[in-house]
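Note sheet for the following structure.
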Amino acid sequence: MLRYSGHCHSETLGGVPLKFRPALLLRAAVPAALVASSLVVLTSSSGSAAEDRTPFEPKFTNRHKPAGKAAYEPNAVIVKFKPTASVTKRKAVLSKFRTTTEDSVSDTTVKITGSVPAPELLKKVKADPTVELASLNYIRRATAVPNDLYYPMYAGGVWGQADAMNTIRMPQAWDLSKTNGSQLVAVLDTGVDVTQPDLVGHLVQGFNAVSSTRPTKPYDDHGHGTMTLGIIASAANNGKGTAGVTWNGKAMPVKVLNNHGEGPDSQIIKGLDWAVAHGAKVVNMSFGSDEEEGTLLHDAIKRAVAKGVVIVASAGNDGDGRLHYPASYSEVIAVGATDNGGSLTSFSSYGDWVDIAAPGRRILTTGVVAMTDPQDDPVWSCTGTSCSTPLVAGVAAMVKNKWPSYTPAQVAARLKSTARDAGPRGLDPYYGAGILDAYGALGGKWGADFATNPADGNDQPARAVEITGTPVQGTSRTEGDVDWYKVGAASAARNIKLSLTGPIFNEATQTSNFAPRVDVYDSELRRLGGAVTPYPTRTDPNGNPIWEQLNATALVSAPAGVAYIAVRNDNGSRDSRSYSLDVTTEGNGGTASGIAYPVSDALPADLSVGAAVTTKPSVTFARAIDAATVTAATVRLVNGKTGAVVATTPAYTEDTRTVVLTPSAPLLDNAPYQIQVSGVQETGGTALAPFRSVFSTVDLVPAALETFDASGSFQKANLGWKIPALGDLDQIIVRRNAGGRYPTPTTGTLVYSGTASSFANTALPQSTTYTYSAWVKDRSGKLSAGKGTQLLGMKSGISTTSTKLNIGGSITLKGSTLGIDGKAYPTLPMSIYSRPANGTTFKLLKTLGSSSTGTVSYTFKPGYSAVYMLTFAGNGDLMGTRTNDITVLVTPTISSTLSPSTVKLGSTTKLSGVVTPAHSGKSVQLQRLVGKTWTAAASVKLSSSGAYAFGIKPPYKGKIAYRVYFPSDGDHTLAYSAIRTLTIT
């Protein structure tokens with residue numbers, strides 16, 4: 001049965017009696033049982049931090065600015081003038097109020113500054129008839145910094161959440177999102193304290209896989225689970241405790257570890273399956289071990305991922321490169337730990353399976369109330385990869401909430417592609433893709449990478465520093481750095497005694513510590529022996545580690561010739577403090593040999609920066625090589641950021657044992673690369689140990705866009721471009737001018753900034769020429785040369801020979817499309833559209849090619865009243881246009897026959913006829929002239945052929961005039977028949 005332990009420890013503060021004794025932080029010497037949880041209880045009463053030796057403030061006061069009226073510039077306002085305000089009128093306003101134009105805010109808005117207080121200036125400006133809008137120039141402040149008691153930095157910046165949250169740019173991320181929504185995070189751990197005041201309202205129903213009698217009660221009898229869950233979901237901005245990553249999110253507690261922080265695979269699988277079945281979308285696993293036989297656990301993880309669940313796990317606190325499970329499963333996002341400044345901690349496990357890193361030292365979070373002294377706040381400090389993992393899990397849930405369709409692989413890719421590089425450039429075994437950037441992951445702008453130290457110049461045996469008898473000093477100032485030294489050639493075999501002494505190893509005050517490791521090689525780099533210092537395991541009577549100066553010593557038998565010595569930090573972290581290496585020759589002794597070092601040199605130098613983009617990387621092997629095993633697959637160059645293999649042609653020279661890689665295209669600038677050797681064999685068939693060396697190229701001014709073009713349409717410019725190959729693209733910047741002048745990087749209107757390859761610039765007034773410029777901006781802020789394109793403004797018109805006619809008549813529509821300068825463009829396709837006068841949808845009537853004068857003409861017989869317009873769609877050089885609408889009314893014809901036209905009083909006659917076009921079912925009216933007024937006499941509905949008939953029985957003798965009236969129906973205007981006079985005798 002595999003048992004997994006939680007990966008964090010907590011710390012004491014002010015001598016408060018604790019339930020847990022402080023545990024050792026890391027390394028193989030520490031049992032796989034809990035590498036976690038000596039707790040830090042923070043109190044608002046007086047005390048001191050035992051670990052930091054810094055005074056704790058007697059009473060913490062929230063220093064956030066109290067709510068009140070927003071601040072504004074004291075003598076300035078911002079003004080939007082009416083479109084009709086001329087330049088002269090604008091200047092008159094400035095003169096009238098004795099103000100000056102400070103700067104342009106946009107095309108229509110300016111900031112003006114005066115000598116009177118801003119509210120008084122605003123009142124005057126608003127009353128001016130040329131001003132459309134005006135307001136105070138308010139000063140806005142970030143609102144997403146929570147007011148939780150333990151969020152700010154205090155006591156010299158040692159405590160408080162702000163350090164860690166600023167490292168991952170969480171405040172900026174909160175400006176974009178403050179929830180994980182329905183994307184629940186299940187925290188598989190030791191359970192949770194449901195009475196924790198900062199978690200009330202932020203928990204959903206959980207599960208207890210440890211207890212069969214209390215399956216619905218995931219109580220925390222250890223403390224680890226409450227800490228990890230609180231990092232994700234403690235209530236933010238409530239004036240107390242700490243702020244969870246998801247601000248107002250919720251989490252699902254699932255107890256899979258017991259009161260010792262341990263749990264078998266069966267419990268973990270049971271808890272994972274339950275969480276997935278009950279709606280978890282992200283799972284946090286802050287536990288693990290180096291035992292790999294958990295195939296059923298791996299199978300459960302695969303099932304969860306197949307259902308769309310993101311799994312995040314801690315890399316472990318062993319401080320070495322052993323594989324750690326479940327973190328090292330490929331489906332899992334493995335998280336390493338840094339300090340709040342972005343430096344890898346000594347305890348964080350490392351390897352190519354680490355995906356990303358996040359702060360994991362002294363992360364303030366929720367603690368179990370019952371395990372906290374009643375006089376203290378239940379706020380604990382968490383240190384370990386357990387504490388960095390929930391930061392990543394919380395942000396993963398927020399990413400999933402923003403893009404719900406993302407698969408687990410896409411969420412992982414989003415987190416990794418937006419991570420800020422740290423340590424060796426590009427992907428590395430210590431930070432993976434880099435340090436979590438919450439703001440970037442949620443769509444914010446790119447943030448600067450974390451600085452790395454320059455190469456020290458002795459990275460390979462070819463550049464080894466010769467030791468001449470005096471102890472040498474050195475530093476392991478970059479993660480994974482190897483320092484090479486050599487002892488001069490000797491004519492006979494001798495014994496070499498080495499003593500490698502590091503600075504004081506003290507994780508209480510030093511995030512990264514030097515763990516001495518020394519290896520000795522012969523002239524062909526076959527390992528002769530070496531030593532590594534065990535992790536300091538001595539403890540004081542209270543169980544606390546005794547920090548000490550570590551020393552690695554070895555006595556190695558070396559043959560005649562040069563001997564090489566490699567110095568490494570065994571935990572992979574960097575330490576700017578010096579170590580000392582003393583080498584003497586004496587006595588007999590020896591050590592068994594181990595793995596031979598594969599190369600004597602690699603260029604560019606390991607960890608170097610500034611290589612030319614025309615560089616041809618090379619590797620020189622330490623011993624004779626089977627040339628047939630040197631191929632593009634065994635010696636290759638990969639992009640250090642993406643892992644993509646760079647196309648190269650290897651050329652091996654047997655005399656020098658050197659292989660040169662010639663890239664098929666220049667390398668990207670400001671990009672990390674890795675030279676990788678794997679699968680090469682020595683003469684005789686011995687396999688070389690795998691080898692990797694990292695370098696970065698020079699940061700050049702980016703090349704201009706390869707293409708940049710625009711296509712015009714009505715009130716829209718469709719812009720497209722091709723981005724040149726570069727390794728540090730920040731954004732493409734496009735600016736626009738109205739008129740013929742090309743904008744500069746600081747003039748014109750900003751149209752677009754981003755990484756897409758096209759953009760539609762809409763809402764552009766017609767009859768205007770638009771001129772665009774575009775630049776490539778890299779991450780260091782360099783701009784390429786500009787690329788420009790222009791769309792000429794066009795104007796169109798339409799007219800008709802008649803705006804009203806009888807049905808059957810003809811009209812001629814005439815149109816034109818010209819440049820705004822009057823230039824004609826023959827053969828331009830111009831389209832005439834029409835819609836019924838009472839309709840809303842235009843349909844194409846006719847498309848015509850323009851004449852040499854830019855005109856078109858179309859004659860036809862309209863069948864109904866209609867609205868017409870003419871359009872030119874635009875093309876690659878010209879903006880599109882659309883004319884105003886014109887209406888042509890069509891009147892129907894009404895035939896009429898009165899028979900007989902003379903009748904005797906008391907007799908009847910008939911008035912009949914046809915309406916053309918037929919309006920089946922529509923009513924027409926018989927009107928009679930009474931005096932000088934036509935009055936309705938009767939109405940009938942038209943037949944399907946448009947026929948009608950009225951029967952008339954006149955009431956008196958004399959003459960009566962009749963006519964038929966057709967009311968307008970939108971398709972046709974009103975119409976009257978001829979007047980018919982009836983004589984009654």
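The values are calculated or read from the model by the stated rules, or taken from the named source; none is laboratory data. The model shown is predicted, which means the values in this text are computed figures rather than measured ones. Counting neighbours? That spans all protein chains shown, and the Cβs are built from the backbone with ideal geometry, glycine included.
If you filter the range 817-834 down to residues that are in contact with a Lys or Arg (Cβ under 7 Å, 6 or more places away or on another chain) and not aromatic (Phe, Trp, Tyr), you find that the one that is surrounded by the fewest Cβ atoms within 10 Å (Cβ to Cβ) is Ile820. The number of residues in the range 629-684 that are among the acidic types (Asp, Glu) and under 20 Å from Thr697 (Cα atoms) comes to 1.
Can you tell me which residue among Thr662, Thr642 is more than 22 Å from Gly480 (Cβ to Cβ), among the hydroxyl-bearing types (Ser, Thr, Tyr) and not assigned by TED's automatic domain parsing to the domain that holds Ser417?
From the options Thr662, Thr642, the qualifying one is Thr662.
Just the residues that are at pLDDT below 95 and either part of a strand (DSSP E or B) or surrounded by 14 or more Cβ atoms within 10 Å (Cβ to Cβ) (or both), please, taken from the range 960-971.
Narrowing the range 960-971 to residues at pLDDT below 95: 968-971.
Ser968, Asp969, Asp971, listed by residue number.
Of everything in the range 899-930 that is polar (S, T, N, Q) and assigned to a loop (DSSP other than H, G, I, E, B), the residue that is nearest to the chain's Cα centre (by Cα) is Ser920.
Note on the range 224-240: residues that are more than 20 Å from Arg169 (Cα to Cα) and touching a Phe, Trp or Tyr at 6+ places or on another chain (Cβ under 7 Å) total 1.
Counting residues in the range 222-232 that are modelled with pLDDT under 95 and not in a helix (DSSP H, G or I) gives zero.
How many residues, within the range 972-982, are hydroxyl-bearing (Ser, Thr, Tyr) and loosely packed, with under 14 Cβ neighbours inside 10 Å? Don't jump to the end; show me each part of the working.
Residues of the range 972-982 hydroxyl-bearing (Ser, Thr, Tyr): 973, 976-977, 981.
So of that shortlist, the ones also loosely packed, with under 14 Cβ neighbours inside 10 Å come out as 981.
Count: 1.
Pick from the range 146-174 the residues that are surrounded by fewer than 20 Cβ atoms within 10 Å (Cβ to Cβ) and within 22 Å of Ala251 (Cβ to Cβ): which of them is modelled with the lowest pLDDT? So, considering only residues that are surrounded by fewer than 20 Cβ atoms within 10 Å (Cβ to Cβ) and within 22 Å of Ala251 (Cβ to Cβ), the one modelled with the lowest pLDDT is Asn147.
Per the listing Gly502, Gly480, the residue uniquely in a strand (DSSP E or B) and either under 48 Å from the mean Cα position of the chain (by Cα) or of a type in the set (Phe, Trp, Tyr) (or both) is Gly502. Scanning the range 937-959 for residues that are in a strand (DSSP E or B) and over 20 Å from Lys922 (Cβ atoms) yields Ile952, Gly958, Lys959. For the range 482-508, a residue qualifies if it is charged (D, E, K, R), surrounded by 17 or more Cβ atoms within 10 Å (Cβ to Cβ) and modelled with pLDDT under 95, and the qualifying residues are Arg494, Glu507.
Restricted to the range 618-656, and to residues there that are without any contact (Cβ under 8 Å) to a residue 40 or more places away in the chain and under 20 Å from Leu525 (Cβ atoms), the residue that is surrounded by the fewest Cβ atoms within 10 Å (Cβ to Cβ) is Asp655.
Select from the range 890-914 the residues that are touching a Phe, Trp or Tyr at 6+ places or on another chain (Cβ under 8 Å) and either in contact (Cβ under 8 Å) with a residue 60 or more places away in the chain or among the basic types (Lys, Arg) (or both) and write down the one among them that is nearest to Leu942 (Cα to Cα). My answer is Gly913.
Is there a residue in the range 610-617 that is at pLDDT below 95 and either surrounded by 18 or more Cβ atoms within 10 Å (Cβ to Cβ) or more than 42 Å from the chain's Cα centre (by Cα) (or both)? Checking the range 610-617: not a single residue is at pLDDT below 95 and either surrounded by 18 or more Cβ atoms within 10 Å (Cβ to Cβ) or more than 42 Å from the chain's Cα centre (by Cα) (or both). With the requirement that a residue be within 12 Å of Asn639 (Cβ to Cβ) and part of a loop (DSSP other than H, G, I, E, B), what does the range 671-680 give you? Across the range 671-680, the qualifying residue is only Ala671.
Residue-wise test of (1) farther than 30 Å from Glu706 by Cα; (2) modelled with pLDDT under 95; (3) in the same structural domain as Ser831 (by TED's automatic domain parsing); (4) buried (at least 16 other Cβ atoms within 10 Å of the Cβ).
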residue	(1), (2), (3), (4)
Ser758	no, no, no, no
Thr769	no, no, no, yes
Val776	no, no, no, yes
Ser780	no, yes, no, no
Leu783	no, no, no, no
Ile811	yes, no, yes, yes
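A single entry from Lys445, Lys497 fulfils the requirement of being touching a helix residue (DSSP H, G or I) at 6+ places or on another chain (Cβ under 8 Å) and among the charged types (D, E, K, R): Lys445. Tallying residues that are among the β-branched types (Val, Ile, Thr), modelled with pLDDT of 95 or more and more than 25 Å from the chain's Cα centre (by Cα) within the range 731-752 yields 1. Exactly one residue out of Ser346, Ser314, Ser328 is among the polar types (S, T, N, Q), over 22 Å from Gly230 (Cβ atoms) and buried (at least 24 other Cβ atoms within 10 Å of the Cβ), and it is Ser346. Selection of the range 416-453 for residues being over 19 Å from Gly727 (Cβ atoms) and not aliphatic (A, V, I, L, M) yields Pro429, Tyr430, Tyr439, Gly443, Gly444, Asn453. Do the conditions hold for Gly261, that is, is it small (Gly, Ala, Ser), under 33 Å from the mean Cα position of the chain (by Cα) and modelled with pLDDT of 90 or more? Here the answer is no, as Gly261 does not meet what is asked. For the residues Val660, Val701, the requirement of being part of a loop (DSSP other than H, G, I, E, B) and of a type in the set (Val, Ile, Thr) singles out Val701.
Annotation: Thr584 fulfils all but one of (1) over 30 Å from Phe505 (Cβ atoms); (2) of a type in the set (S, T, N, Q); (3) out of contact with any Asp or Glu (no Cβ under 7 Å at 6 or more places or on another chain); (4) surrounded by fewer than 21 Cβ atoms within 10 Å (Cβ to Cβ); the unmet one is (1).
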